[in-house]
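First up is the structure itself, then whatever we jot down about it.
FYI, it's all coordinate maths here, none of it is from the lab. As the structure is a prediction and not an experimental result, all values here were calculated from the model. Neighbour counts are summed over all protein chains in view; Cβ atoms, including those assigned to glycine, are modelled from backbone coordinates with ideal geometry.
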Amino acid sequence: MLKNSGARVIVTQKALLSVAVEAAELAGLSKGNVVLLGEDESHSPEATHFKQLLKPDQQRERPCKIEGKDLAFLAYSSGTTGLPKGVMLTHTNIIANVLQVKHSVGHNYSWDKDKILGILPFFHIYGLTTLLNQPLHRGLEVVVMPQFNLDAFCTAVQRHKTTFLYVAPPVIVQLSRGPNVHKYDLSSLRMLTSGAAPLTKELVSFVHRKFDIKVNQAYGLSETSPMTHTLPWEEWWSSVGSVGKLFPNMTAMYVSEDGKEVQAGETGELWVKGPNVFKGYWRNEEATKNAITPEGFFKTGDVGFQGKDHNFYITDRMKELIKWNGFQVAPAELEGLLLDSPLVSDVAVIGVHSEEQHTELPRAYIVPVEGHKPSEKLGQEIGAWLDERVAYYKKLRGGVRFVDEIPKSQAGKILRRILKGLAEEEGKKEKRQAKL
């Protein structure tokens, strides 16, 4: 990212100074261009403390005129299926999205009554807009956590009486299964908004029954600054599974593989258009051309449909759909079901190619719940449990594999490319063993 962006300065904290200095060296940046934040000025001579930049003899004004179309941020995509791309977001994009959030659900919380607990990374567009730009605009207080830890999370809610959170699904899963969560007072929480991946009705229902916490869903992408849809708070339960309604000042449609708009209720790829849609991919004209139509619609790559009451549904990523003998299998659907199993702590599903059957097979990588050791028998039990709940073409024909941890981005998205690489190595190992 440093090399691709052409960044000239890295701003960091003391705990990450050694990493920043090493990154600067690899990217060909001067060590003096690593700027250290914080009050502690005892630092490596290889870095520049920010207070040095505030010395009177170095202060100077530099007038600058900003246009709405000017680049504000390069928000790099998650890289869940490939290398991250630099998403060019303009000042207009960012301001538009802050106002869209305010006028869709912003009336539900106010600066004098609410506190947000900030657990999303600020470098990701989800945290950048919801935890930095929005609170600055609205005057909302944000309690910042350096990283997510379930006990620290619960302690922060209890101590600071936070009322509202933006989270990713893994946080809700941990909240539902944490053995010590019941010891904390979480009654101040009025709503959790979840993004990054679909939630099942069973998980939302369980969290609400257990803690009396309401959970709604939202949807967006780095390319849309990020939010485009959210579930109205008053519909948090009646429309569970939906990502909600389209934001103000936006247009959207679902499109078939042959490029034609489909009717409500029919499945297609979601295309969106509005002032929050990005300018293009940094130094990648081909990717930009493939992503944005001449009419200005951004092809999200997400598959879904429009339901009743103008609610939108996202079922999976086009690139991640598993095709078994002509049938399409959505990994997110299987993952949602498997998370309801009493034997599964965390899970990711990918497609693995079978040379013998000439098709892809769904395979689950699973972190078992504490107290259950990985074994062939356990894998069979989990597979049988899922078989009772899905159509025949959605069975885990690629098997079950156990891992210590599901690889995820800091925003909570599953990094399937890592699991794809793991599956390839497993396939090569199995072939070598077969020859022996």
Whose amide H sits under 5 Å from the amide H of residue 76, counting only residues 5 or more places off or on another chain, with H placed in the peptide plane?
87
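Determine the percent antiparallel among the DSSP beta bridges restricted to the chain, to the nearest 5. Don't skip to the answer; put the middle values down first.
Values: 43 of 64 bridges.
The antiparallel proportion sits near 65 percent.
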Taking the stretch 2-58 as the region of interest, what is the percent of Cα-Cα pairs per 10 angstrom bin, listed from the shortest bin to the one with the maximum distance?
25, 53, 21, 1
Once each part is reduced to its C-alpha centroid, what is the distance from the stretch 1-50 to the stretch 385-402 in angstrom?
48 Å
The ³J(HN,Hα) series, computed from each phi in the stretch 359-366 with the Karplus coefficients 6.51, -1.76 and 1.60 at θ = phi - 60°, rounded to the nearest Hz and given as x for glycine or proline, is 7, 8, 10, x, 10, 9, 9, 10
When 238, 104 are arranged by how many other beta-carbons sit within 10 Å of their Cβ, fewest first, they go 238, 104
List the trypsin sites (Lys or Arg not before Pro) in the stretch 271-314 that DSSP assigns to loop (not H, G, I, E or B) and whose Cβ has at most 14 other Cβ atoms within 10 Å. Which are they?
283
Taking the Cβ of residue 33 as the centre, find all other residues whose Cβ is under 12 Å away and add up their charges (Lys, Arg: +1; Asp, Glu: -1).
0
Give me log10 I(q)/I(0) at q = 0.12 Å⁻¹ for the chain, Debye formula, one equal scatterer per alpha-carbon, no solvent.
-1.16
Along the charge dipole of the chain, which of 174, 293, 95 sits closest to the positive end, that is, farthest toward it, with unit charges on the beta carbon of Lys, Arg, Asp and Glu (+1, +1, -1, -1)?
95
Using θ = phi - 60° and the Karplus form 6.51 cos²θ - 1.76 cosθ + 1.60, what ³J(HN,Hα) does each residue of the stretch 393-405 get, whole Hz, x for Gly and Pro?
7, 9, 5, 7, 5, x, x, 10, 10, 9, 9, 6, 7
Show me, bin by bin at 10 Å from 0, the whole-percent P(r) of the stretch 268-388 based on Cα pairs.
11, 30, 28, 20, 10, 1
Charge dipole (debye, nearest 20) of the stretch 224-368; +1 at Cβ of Lys and Arg, -1 at Cβ of Asp and Glu
500 debye
What number comes out for the charge environment of residue 256, summing +1 per Lys or Arg and -1 per Asp or Glu over other residues with Cβ under 9 Å away?
-4
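Using just the helices of the chain, give the 222 nm mean residue ellipticity in deg cm²/dmol: DSSP H runs with n ≥ 4 each add -39,500 (n - 2.57), and the total is spread over all residues, rounded to 500. Walk me through the numbers before you get to the answer.
Details: 11 runs with 112 residues, N = 436.
Mean residue ellipticity, 222 nm, calculated: -7500 deg cm²/dmol.
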Can you tell me the orientation of helix 91-104 relative to the chain, as the angle in degrees between its alpha-carbon axis and the longest Cα principal axis, to the nearest 10?
60 degrees
Starting from the amide H of residue 49, placed 1.01 Å from N in the peptide plane, find each other amide H under 5 Å away whose residue is 5 or more places distant or on another chain.
36
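Sort 223, 356 so that the residue with the fewest other Cβ atoms within 10 Å of its own Cβ comes first and the one with the most comes last. Please list the in-between numbers first.
Working: 223 28, 356 5.
Listed from fewest to most nearby Cβ atoms, that is 356, 223.
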Provide the net charge surrounding residue 22, with neighbours chosen by a C-beta distance below 12 Å and charges set as Lys +1, Arg +1, Asp -1, Glu -1.
-1
List every residue whose amide H lies under 5 Å from the amide H of residue 217, counting only residues 5 or more places away in sequence or on a different chain, with H placed 1.01 Å from N in the peptide plane.
194, 231
Name the residue from 152, 215, 264 whose Cα lies farthest towards the positive end of the charge dipole of the stretch 71-318, charges +1 on Cβ of Lys and Arg and -1 on Cβ of Asp and Glu.
152
Taking the beta-carbon count within 10 Å as an exposure proxy, list 256, 42, 242 from fewest neighbours to most.
42, 256, 242
Where the centre of each part is set by its Cα atoms, how far does the stretch 76-149 sit from the stretch 212-286, in angstrom?
17 Å
Based on Cβ point charges of +1 for Lys and Arg and -1 for Asp and Glu, what charge dipole magnitude is obtained for the chain about its Cα centre, in debye rounded to the nearest 20?
440 debye
